[in-house]
Every structure is written in structure tokens, then in C-alpha cells.
Amino acid sequence: MRRWLALVPVLVLAALALLFGLYGLRHDPHVIPDARVGQPAPAVALAPLEGGAPVPVNARRPGERVRLINFFASWCVPCVQENAALMALKAEGAPITGVAYKDKPAATRAFLARLGNPFDAVLNDPDGAAGVEYGVSGVPETFAVDASGKILAKHSGELTPEIADRLLASAARTDR
């Protein structure tokens, strides 16, 4: 009887290993939950890169239906790669706010001078507090926010023209 009792912990560990193994087969670790989608954008204000009084991250111009908010950093390789897609969106007239996430202002200025500035406004988030409020898990991340301030869609990772089209299309579908 004692031998069987000694096997109970081993059987419990084997059952747990099987349970976690089966969960791992169905769970995609690259899918990051978009918990903020469908929720109001956080009421966060940041100072502009060039200085001045803090402005809301979600500030918009009259008549805008959707604004993109892009968290980026000069030290981020995918941010360099996505800049061309952001410049193309700017050329099409898409309103984009850039949030320099955990970056030094001088490095951000040099980054934008070298690659081009696709943003209507560039805000400075030196300690990442706004990123935490938005649920940013890493840069780059882009949010589509409607005129009422609701987050319509989010993309984690490098923004490509195809992904930007999908992001804006999903925002347009929910805008009706």
C-alpha cells in the first residue's frame, strides 16, 4: 500500500504535465490579447517632443473620424522598418500621433530627422507611463481610435501597408 502512496505525487505531476502540454499545443504565444480594444482610450497627457504644455495623447483635429496612435522608439529596429509605411499613410492624409516610448528626446529627434517624420504630433513618454496605460507590451504598437475616443483596433509589431489597410478598414467598419 505504501508503494502506491509514493506513486501519487508522480501521477499528479504527470497529469499536470499532460494538461500544460495540451494547453501549449493550442496556445499561440505570439498572439497578444488586445484587452483595450473596444474600451475608451486612456486619458493620458504628454509633453510634445519639442516642449510645451502636455496634450492628450488622443488629441484630434475637428472632423477626424479615426486617428492612429503609434508607440515607437529610436532604438527599435522594427520601428525603423515601419517608418516607410507610416510615411505613406501620412502622404494619404492619415492623422497619426507618434509617442516616443522610453526614448531620449535627442535620439527621437535624430531618428525622425534621418527617416522622416510621419506624425502630426510627436509626444514624449520618457518613463513609459502612457504606454502602460495603453497596455503597450513593446514597440512598435499602433492603435486606431475613433472620434469618441474608443480604441477600435490595435496592432503589435511592425506596421506594413497591408496591416495599416486592415487596421484602418477595421476602424472604418466599426465607425458606421
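Quick rundown of the values:
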| read-out | value |
| --- | --- |
| Theoretical ellipticity at 222 nm over the chain - DSSP helices of four or more residues, -39500 (n - 2.57) apiece, nearest 500 | -13500 deg cm²/dmol |
| Amide H contacts of residue 55 (H built 1.01 Å from N, under 5 Å, at least 5 apart or other chain) | 46, 47 |
| DSSP beta bridges in the chain [antiparallel fraction, %, rounded to 5] | 60 |
| Length added when fully stretched, residue 88-residue 132, from 0.36 nm per residue minus Cα-Cα | 13.0 nm |
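Read-outs: derived from the displayed coordinates by stated rules, not from any lab. Keep in mind it's a predicted model, so treat the numbers as computed, not measured.
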